[in-house]
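Here's the structure, in structure tokens; my notes come after.
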Amino acid sequence: MTANEDQEMELEALRSIYEGDERFRELSPVSFQYRIGENGDPKAFLIEISWPETYPQTAPVISMDAFFNNTISSSIKQSILEKLMTEVDVNLGTAMTYTLFEYAKDNKELFMENQPAYVAPSGGNNISVGTPDVVSSSKKKDKKEQLSKTQKRKLADKTDHKGELPRGWNWVDVIKHLSKTGSKDDE
């Protein structure tokens, strides 16, 4: 089988296995993310696996650069990636994305045993392992909506200094409402 046929078969298998699993995300047909742990868990982390052209004969690119992982220390990330690359070496030549995700799930506690409950996020934690020529094209910058001065002023007038709408902004004025609808005695 060619690499593309192997990739297509593995892609189909991953889609069927993780159908309905909110922790799995297919970024593209050759790039996947899986969250290990529950939302709100300080020791949860996100693994991103991308397939190069010759995967599974060559190692996939495994990355932990996602914003979700900013609270994890870079030494823990590096340790996780090294352990995952050991698994990659064992499974080279076979479809291994599911195996890597399951290995990470099974060993989450071992991976995160030295992780403190909270680490201040830092901007320079770009850590990835694998073929460097594959750049994650799925990470696109979202453009922020530009507002005019008038739109900003109207928005500021509606909100308080924290940017929140005042209490009761959507309450119905009961007397005005009843005067419009009338009462039962009017009939």
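The values are calculated or read from the model by the stated rules, or taken from the named source; none is laboratory data. Owing to the predicted nature of the structure, the values given are computational and were not obtained by experimental measurement. Positions of Cβ are generated from backbone atoms using ideal geometry, with glycine treated the same way; all protein chains shown enter the neighbour counts. Only protein heavy atoms, including side chains, enter the accessible area calculation; ligands, DNA and RNA are left aside. Shrake-Rupley method; radii C 1.70, N 1.55, O 1.52, S 1.80 Å.
Filtering the stretch 1-26 to residues that are within 19 Å of Ser63 (Cα to Cα) and in contact with a strand residue (DSSP E or B) (Cβ under 6 Å, 6 or more places away or on another chain) leaves Arg23, Phe24, Arg25, Glu26.
Give the residues of the stretch 66-83 that are farther than 13 Å from Leu46 by Cβ and touching a residue at least 40 places away in the same chain (Cβ under 8 Å), sorted by residue number. Residues satisfying the conditions are Ser73, Ser74, Gln78, Glu82. Residue selection: Ser79 fails the criterion of being of a type outside the set (A, V, I, L, M, F, W, C), within 27 Å of Glu8 (Cα to Cα) and in contact with a helix residue (DSSP H, G or I) (Cβ under 9 Å, 6 or more places away or on another chain).
Residues in the stretch 77-117 that are open to solvent by 40 Å² or more (accessible area, probe 1.4 Å) and over 26 Å from Tyr55 (Cα atoms): Glu109, Leu110, Glu113, Asn114, Pro116, Ala117.
In the stretch 157-187, of all residues being at pLDDT below 70 and not in a loop (DSSP other than H, G, I, E, B), the one that is nearest to Ser31 (Cα to Cα) corresponds to Lys184.
Considering the stretch 84-102 alone, what residues qualify as being assigned to a helix (DSSP H, G or I) and either in contact (Cβ under 8 Å) with a residue 60 or more places away in the chain or basic (Lys, Arg) (or both)? Correct list: Thr97, Tyr98, Phe101.
No other residue among Lys149, Lys154, Lys105 is of a type in the set (Lys, Arg), in contact with a strand residue (DSSP E or B) (Cβ under 9 Å, 6 or more places away or on another chain) and at pLDDT 75 or above apart from Lys105.
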